[in-house]
Every structure is written in structure tokens, then in C-alpha cells.
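Just so it is clear, none of the values below were taken in a lab; they were calculated from the coordinates. Only a predicted model underlies this, so the values are computations on that prediction, with no experimental measurement involved. Virtual Cβ from ideal backbone geometry, glycine too; neighbours counted across all protein chains shown.
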Amino acid sequence: MRLVRLPLVRFFETSFGRVYDRTFLVTKLDGEGATAYGECVADDTPYYSSETTDTAWQIISQFLAPLVLGVPFEHPRDIFPAMRRVRGHHMAKAAIEMAAWDLYARQQGVPLRQVLGGARTEIAAGVSIGIQDSLEQLADRVAAELADGYRRIKIKVKPGWDVEAVALLRKRFGPIPLMVDANAAYRLEDAGHLAKLDPYDLMMIEQPLDDDDISDHAVLQRQLKTAICLDESIHSVRAGRDALDAGACRIINIKPGRVGGHAESIRLHDLCAARQVPVWHGGMLESGIGRAHNLHLSSLPNFSLPGDVAASRRYYQPDLIEPGIDVQPDGMIRVPDGPGIGVHVMEDRLAQATLRQAEYTL
Ligand code: OSB
Ligand code: MG
């Protein structure tokens with residue numbers, strides 16, 4: 001396990017602040033003749049979620065590693081249930097579980113998507129554009145991403161950077177697939193303000209209210225024409241079911257780190273498919289390792305909307321993998337077709353970016 005830090009190609013600003021680099025954990029699993037990788041998407045700050053790189057490090061080393069090391073598993077779907085004694089800490093669990101799926105697929109000599117149940121060999125890419133210094137800069141960024149072929153534009157919003165930004169983009173770019181992500185920056189009392197977004201025909205508004213809220217989102221959804229998509233609130237498959245039962249959203253963003261790995265993501269995906277609720281794959285500024293995992297998961301059939309899965313070069317130059325993940329001029333990204341996640345991890349770059357490492361053996 002490594003604690004890694006990489007500088008971002010461009011700063012990224014959300015409703016909770018601006019970052020210039022990304023700190024995360026990389027897990028490497030050796031077993032039965034194969035080596036596999038996972039990435040823990042917890043950040044070094046507890047702003048998007050309560051988990052951090054430090055809590056994940058602590059929980060993995062003290063509690064999770066002893067629950068899985070040396071235990072015979074038939075299938076990676078058995079890993080998440082084996083960690084059940086530990087409450088929460090889904091990002092820490094996913095870092096182990098996803099590496100186990102990579103290991104399993106490599107042992108079978110097949111691409112990860114095949115064992116996950118994904119048929120698509122390429123996926124539609126979207127981008128998430130942070131808050132900028134000016135609306136002019138925002139419009140320039142959108143123009144550049146559209147020129148690169150991206151099939152959906154998401155902008156981060158917060159009070160004071162919302163309706164005006166959307167109005168400008170609609171005026172400048174017309175009926176492009178456009179959505180906003182608030183990262184929990186609003187209160188239910190802002191319903192009237194958020195309704196001002198309704199005339200702009202957004203695909204959805206992502207996570208307007210609190211990270212642990214479902215019931216206020218249900219009230220808000222009844223007052224908005226625009227579909228609500230939940231991200232932070234869907235911390236488990238059960239939370240997804242509760243949100244759909246309550247009418248709190250019409251779309252769900254799936255991030256495997258948030259729900260505990262690939263197996264739980266597949267369960268959430270299937271639940272949404274059964275209820276005809278579209279899902280899309282979220283992003284957490286992953287390196288090429290997590291990004292490759294996301295591509296394979298995105299190949300499942302109900303990922304019917306373009307996700308926040310974009311090219312390596314928007315984030316890290318160089319990435320930890322070679323070749324990097326590229327978007328084609330038609331806005332599609334090919335799912336790597338080698339065994340497992342199907343990308344080559346550059347161990348020298350990984351070593352150079354490492355702040356701390358530990359090894360766990362039987
Ligand atoms: O809310 O989707 C989010 C990045 C970090 C934490 C949370 C979010 C995001 C993004 C960026 O929107 C998605 C990406 O490009 O990886
Ligand atoms: Mg989000």
C-alpha cells in the first residue's frame with residue numbers, strides 16, 4: 001500500500017475549495033502468480049466524504065488487511081461481505097476489493113469488464129469542470145472540452161456561481177448536454193433559487209443538498225422540473241434503494257469507492273436498471289489505475305449516460321500508467337482490452353510519487 005501525491009495539470013475547484021494536487025492510496029495485491037492494483041479515492045481532507053487517506057490507511061492496516069490476507073476466496077464478490085464487521089469505510093474497502101477483481105481477471109487472462117459483466121468495448125466520456133476565476137474562463141474551458149469531443153459537460157456550482165454561469169453557457173453553446181454539480185452547497189430553503197435553473201433544460205442537478213440527506217432531496221425534487229442526481233448521499237446500495245423509494249432523485253451517480261467496490265456497484269447498477277433509473281459513472285480525479293477500473297465498470301449496460309470518466313491528460317502529466325487513457329475525437333474512450341484493468345503501471349513513477357508505503361504479508 002502506498003500513499004501517493006501527484007500534481008494536477010490544472011487546479012480543480014468545487015463548492016468546498018480549490019486543490020492543486022491529489023493525494024490518494026494505491027493498493028497492490030500479489031497472489032497466485034499475478035499482480036493487481038487498486039486505488040483508494042479518499043482525499044487527504046474530509047470535505048467530500050468523512051473518509052481520508054489517513055483513515056483509510058489506518059483501517060486497512062489495522063482491520064481490513066487481517067480480514068482478507070491468506071483467506072481463500074472463490075470469487076471477488078465474496079470480499080466485501082468478508083469485511084462486514086468493519087462499519088462504513090467504503091473507500092478503504094473498495095481499495096482492496098477492486099484490486100481483488102483485477103487479480104481475479106488477470107488470473108483468468110481476461111479483461112476486467114468481462115468478469116464484471118460489461119459488454120461495451122468503448123464508453124461515452126464526459127467532463128467535470130471546476131469553478132473558475134471568471135465566467136469568461138469557464139466558457140473557454142467548455143469550448144476546449146467540446147473541441148476535444150467530450151459528450152457531456154458538467155460544471156461545478158455553488159451559491160453565487162450557478163444560474164448566471166448556466167445562462168452564459170446556454171447562450172454561448174446552445175443545446176449541448178449540460179448539467180451541474182453542487183456538492184451539497186445548498187439548503188432546502190434555496191428551492192426557489194434552484195428552480196431558476198429549470199428553464200435551462202439541464203440533464204440534471206447533482207447533489208444539491210447535504211451529503212447524508214435523502215428526505216429533503218425528495219421534497220426538493222417535487223419542486224423542481226430538473227432531475228436530481230444523487231452522488232454523496234448514495235453511500236450504499238441500501239441508500240440507493242431508499243432514495244428511489246422516497247423519490248429523492250431520478251438519476252444516480254455510481255462511484256465504486258463510495259459504495260465499497262465493484263460488487264456493490266454492480267448491485268446498485270442492477271437495482272437502478274430494474275427500476276428504469278439511468279446511472280452514470282462518477283469520477284474522483286483518479287490516476288490511471290482507478291480510471292482504468294472506472295472504464296471497465298462503465299461498460300455495464302445501464303451506464304447509459306456519459307460519466308465523469310475522461311482522458312488522463314486532463315489530470316496528470318505523466319499519469320501513473322503508460323500509455324495514458326485517451327479520448328477519441330468522437331468523445332468515446334476505449335476500454336483497455338488486456339488482462340485485468342489492462343493498463344501498464346509505471347513502477348518508477350509510482351515510486352517517485354510515494355510519500356509512505358507498507359507491506360502486509362501472512
Ligand atoms: O462530486 O463528482 C464529484 C471530484 C472529486 C470529488 C468529487 C467529485 C469530483 C468531480 C470530478 O466532479 C470528477 C472527475 O473528473 O474525476
Ligand atoms: Mg458529484
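A few remarks follow.
- Segment 141-202, Cα convex hull volume normalised per residue, Å³: 81
- Put a plus charge on the Cβ of each Lys and Arg, a minus charge on the Cβ of each Asp and Glu, and nothing anywhere else: the dipole of the chain about its Cα centre is then about 440 debye.
- Of all DSSP bridge pairs formed entirely within the chain, close to 55 percent run antiparallel.
- Legend: calculated FRET efficiency, ASP348 to THR35, from the Cβ-Cβ distance at R0 = 22 Å, rounded to 0.05, equals 0.90.
- The chain - mean residue ellipticity at 222 nm from DSSP helices (-39,500 (n - 2.57) per run, n ≥ 4, rounded to 500): -9500 deg cm²/dmol
- Zone of ARG238's modelled label, taken as backbone nitrogen in segment 76-93 under 17 Å from a point 7 Å along Cα→Cβ: 80-91
- Segment 1-106: GluC sites (Glu not before Pro) falling in loop per DSSP and having at most 14 other Cβ within 10 Å: GLU32, GLU74
- Put simply, the C-alpha atoms of segment 198-355 give a gyration tensor, and the ellipsoid matching it has half-axes of 31, 16, 15 Å, longest first.
- ALA144 paired with PHE73, simple spin-label distance in nm, labels 7 Å along Cα-to-beta-carbon: 3.9
- A simple spin-label model places pseudo-atoms 7 Å from Cα toward Cβ; at ALA167 and GLN107 they are separated by 5.9 nm.
- Ordering ALA273, ALA263, GLY324 by Cα displacement along the dipole of segment 246-362 toward the positive end leaves ALA273 in first place; charges were set at the Cβ atoms of Lys, Arg (+1) and Asp, Glu (-1).
- Size descriptors for the chain (Cα atoms only): Rg and Dmax, in that order, 19.4, 61 Å.
- Highest-MSF residue in the chain out of LEU285, LEU69, LEU202 [GNM, Cα springs under 10 Å]: LEU69
- If you take the alpha carbon atoms of segment 251-297 and fit the smallest convex hull around them, that volume is 63 Å³ per residue.
- Pairs from the list LYS93/LYS154; LYS171/LYS255; LYS171/LYS225 with a Cα-Cα gap above 30 Å: LYS171/LYS255.
- Cubic angstrom per residue, convex hull over Cα atoms of segment 1-96: 107
- A simple spin-label model places pseudo-atoms 7 Å from Cα toward Cβ; at ARG87 and SER50 they are separated by 0.8 nm.
- Computed about the Cα centre, the dipole magnitude for segment 16-93 is approximately 260 debye when only Lys and Arg (+1) and Asp and Glu (-1) carry charge, each at its Cβ.
- Note on segment 105-221: Kirkwood hydrodynamic radius from all Cα pairs is 16.1 Å, rounded to one decimal.
- Along the chain, the longest continuous region that contains none of the chymotrypsin sites (Phe, Trp or Tyr not before Pro) in a DSSP loop with at most 16 other C-beta atoms within 10 Å is 74-359.
- A simple count of charges around MET346, restricted to other residues whose Cβ falls under 12 Å of its Cβ and scoring Lys, Arg +1 and Asp, Glu -1, yields -3.
- The dipole here belongs to segment 39-140: it is taken about the Cα centre, uses +1 on the Cβ of Lys and Arg and -1 on the Cβ of Asp and Glu, and is about 740 debye.
- Environment charge of LEU3, counting only residues whose C-beta is closer than 10 Å and scoring Lys/Arg +1, Asp/Glu -1: +1
- Its Kirkwood hydrodynamic radius, worked out from the mean inverse distance over all distinct Cα pairs, puts segment 74-116 at 10.9 Å.
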